[in-house]
1. Determine the calculated [θ] at 222 nm for the chain from helices alone, applying -39500 (n - 2.57) to every DSSP H run no shorter than 4 residues and normalising by the residue count; nearest 500 deg cm²/dmol.
2. Can you compute the FRET efficiency between residue 8 and residue 29 using 1/(1 + (r/R0)^6), with r the Cβ-Cβ distance and R0 = 25 Å? Round to the nearest 0.05.
3. Of 21, 5, how do they rank once you tally other Cβ atoms within 10 Å and put the fewest first?
4. Short version: ³J(HN,Hα) in whole Hz for each residue of region 15-23, in order, from phi by Karplus 6.51 cos²θ - 1.76 cosθ + 1.60 (θ = phi - 60°), x for Gly and Pro, what are they?
5. First check a/c for the chain, with a ≥ b ≥ c the square roots of the eigenvalues of its C-alpha gyration tensor; if it is under 1.5, answer rounded, and if not, answer prolate when a/b is larger than b/c or oblate otherwise.
Amino acid sequence: MKIMFICTGNICRSAMAHWLFKKKLAQKNIQNVEVYSSGIYAMQGDISTDEAIEVMEEYGVDLKKHRATNIR
């Protein structure tokens, strides 16, 4: 199964959902799901916002490794 989260820039909402969902799958030892995220107007390779990185740290997720991907 494949799941893709999509938003505008892929640096906040979809990126946060992507990596949090991956963490939850790992916690439940679910391995047959591929998770992706993209943005409809994303600038390829952009990093997540400082605010998104800070919020995800509260959930134990390191968003610093995320790079934006354009869906087109």
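Readers should treat all values here as calculations from the given coordinates under stated rules, not as data from a laboratory. A quick note: this is a predicted structure, and the numbers were derived from the prediction, not measured. Note: ideal-geometry Cβ built from the backbone for every residue, glycine included; neighbour counts use all protein chains shown.
1. Details: 2 runs with 23 residues, N = 72.
Using -39500 (n - 2.57) per qualifying helix, the result is -10000 deg cm²/dmol.
2. Details: r = 33 Å, r/R0 = 1.31.
It comes out at approximately 0.15.
3. Numbers: 21 16, 5 19.
In order of increasing Cβ crowding within 10 Å: 21, 5.
4. Per-residue couplings from phi come out as 5, 5, 4, 3, 6, 5, 5, 4, 5 Hz.
5. Working: a/c = 2.53, a/b = 1.22, b/c = 2.07.
Here the chain falls in the oblate category.
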